[in-house]
1. Each residue of region 44-49 in order: what ³J(HN,Hα) in whole Hz does its phi give by Karplus 6.51 cos²θ - 1.76 cosθ + 1.60, θ = phi - 60°, with x for Gly and Pro?
2. For the chain, the longest stretch holding no GluC sites (Glu not before Pro) located in a DSSP loop with at most 10 other Cβ atoms within 10 Å is which?
3. Give the long-range amide H neighbours of Ile43: residues separated by 5 or more places, or on another chain, with amide H under 5 Å away, using H modelled in the peptide plane at 1.01 Å from N.
4. Report, by chain and number, residues whose modeled amide H sits under 5 Å from the one on Arg229, excluding near sequence neighbours (fewer than 5 apart, same chain).
5. Quick one: what are the phi-derived ³J(HN,Hα) couplings along region 67-84, Karplus 6.51/-1.76/1.60 with θ = phi - 60°, whole Hz, x for glycine and proline?
6. Let me make sure I get this right: for region 67-183, a, b and c are the square roots of the gyration tensor eigenvalues over alpha carbons, sorted descending. Under 1.5 in a/c it's rounded, otherwise prolate if a/b > b/c, else oblate. Which is it?
7. Cut-off 20 Å, label point 7 angstrom out along Cα-to-Cβ of Arg66: give me the residues of region 86-100 whose amide nitrogen falls inside.
8. Between region 182-245 and region 288-332, what is the separation of their alpha carbon centroids in Å?
Amino acid sequence: MSTTAPLHHITITRPDDWHLHVRDGEALRTVVPHTAAQFGRAIIMPNLKPPVTTAAQAVAYAGRIRAAVPAGMAFEPLMTLYLTDNLPADEIARAKDAGVVAVKLYPAGATTNSDAGVTDIRKTYPTLEAMQRAGMLLLVHGEVTSPDIDLFDREAVFIEQQLQPLRRDFPELKIVMEHITTKEAAQYVAESDPFLGATITAHHLLYNRNAIFTGGIRPHYYCLPVLKREVHRQALVAAATGGHAKFFLGTDSAPHPAHLKEHATGCAGCYTAHAAIEMYAEAFDAAGALDKLEAFASFHGPAFYGLPRNSGTITLKRESWTPPESFAFGEAQLKPLRSGEALPWKLVA
Ligand code: DOR
Ligand code: ZN
């Protein structure tokens, strides 16, 4: 812990969000402005219905996202394709030419809109070969889907059963293990070669699994991979605040209509885009590591992706404010994380 007086302002290079869901259609009008107010760029997840599986679809989707950026804000969506058992290898060159930066692997059935995901990783090997050759990144939702494996163990088992063999077979494929949630993942990534990185969400830095069950079941804290025990949260905080270039910011902000989260089979996903950098600042501040926030939020991601850092800055102030109970979300409502609950840091410029 720092012994100096607490900071009241912090100014950092404009950050990026290396893992984001913005959906499509009307939803874009609500969520894109939130992200564009904070971040210079974001990696856009392709798990639409139907998923984004061609370069042409990715380009069209990027256009719809850009159209939702408020006038005067500069925000660049970084597009991804959705890996299926039969994504043709030759789509990779077209995607690369179209500016697509990565391909997302969802094990089939792992999470929201993952039905079209990969059933057997070996079926995708020709496409992964093409990606390795083209320098296209692979982003992985790192959880096995077998009902025999305990929900809380699925990330650690994925590393052993899927990620280790994959990395042996494609040693020069750049892989991001997304939204890591366990000490096993943090350790595996920290000890691996420079071809593997990881994103960490704000909610996994701030909360452990008790948050889902405090005083009753709280569906807005339910996401996948699910929040874990406190020992894992602490390992993630150590990884994020440790200055290690392999770990970078990815919110996994994942909007769902409130009535589908407050439901007998509620959807997975926490909405954090309205206050993302503020929540990261809170987590870093609690760890006495605000001085490490800029590298995690603004430097490590571009370095891993081989992109320049953003120009410009943002400033956060230590000032309490309270996010609204909900936002209009098409015809539905969107309940953000921390709705009606004070946050200690505020984005002011
Ligand atoms: O909680 C999650 N929500 N995890 C995911 O992997 C997908 C996301 C979504 O799309 O809602
Ligand atoms: Zn996600």
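Derivation of every value follows stated rules applied to the coordinates shown; laboratory data play no part. The model shown is predicted, which means the values in this text are computed figures rather than measured ones. Neighbour counts are summed over all protein chains in view; Cβ atoms, including those assigned to glycine, are modelled from backbone coordinates with ideal geometry.
1. 9, 5, x, 7, 7, 10
2. 1-171
3. The list, which skips near neighbours in sequence, is Asp17, Trp18, His19, Leu20, Leu78.
4. Arg209
5. 5, 9, 7, x, 4, x, 9, 9, 8, 10, x, 9, 8, 10, 9, 9, 7, 10
6. oblate
7. Only 94-100 pass the distance filter.
8. Their Cα centres are 17 Å away from one another.
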